[in-house]
Amino acid sequence: MADTHPDKLSLVLFSGSFDKVHYALAMAAAALAVNKPATLFFTMGAARALLAEDEGGPGWRHLLSGENALPPLEADAALRAKGLGGFEELLSACVMLGGQVMVCEMGLKALGLDFSQLRPDVEIAPGGLVTFLTDASKDGALVFV
């Protein structure tokens, strides 16, 4: 019987909502944990998740409140209090397990951001839609979040 499971997970993180970005990180970490390659392509509002930390805290605090209506820092603390992976833990897991993190140059421009404003502790590949689609697998899953 042929294997019908996708051989790779390619995620487009478009939404600037904390809960959607958090769940996309959880999906990618799960795929990587079962040895499925994963690429996270951050664009538009979701690109804020990759902002560097500053005196006010982590850059991802600039994401929008999710469906739970809690600001990102509070939503993250609530998840961690329930024993769930927090934003930093999931992003770190994705990086340590070999996930590829890409940021859309068009998305950055649309937000008025520059690549130099992104996290220096995460290897982030700049690119565009062509780069992302070239990276995707014909036998993989492409998910838009």
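Taken together, the values in this text are just the output of simple stated rules run on the coordinates, not laboratory data. Note that the coordinates shown come from a computational prediction; the quantities given were computed from them, not determined experimentally. Here Cβ is always computed from backbone atoms with ideal geometry, including for glycine, and neighbour counts include all displayed protein chains.
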Which residues, taken from segment 77-88, are in contact with a helix residue (DSSP H, G or I) (Cβ under 9 Å, 6 or more places away or on another chain), of a type in the set (A, V, I, L, M) and not in a loop (DSSP other than H, G, I, E, B)?
Leu79
Members of segment 1-30 found to be of a type in the set (S, T, N, Q) and under 12 Å from the mean Cα position of the chain (by Cα), listed by number
Ser10, Ser15, Ser17
Would you confirm, using the coordinates I've provided, whether Leu91 is buried (at least 18 other Cβ atoms within 10 Å of the Cβ), part of a helix (DSSP H, G or I), touching a residue at least 24 places away in the same chain (Cβ under 8 Å) and under 14 Å from the mean Cα position of the chain (by Cα)?
yes
Within segment 35-76, the count of residues that are closer than 17 Å to Leu13 by Cβ, in a helix (DSSP H, G or I) and not basic (Lys, Arg) comes to 12
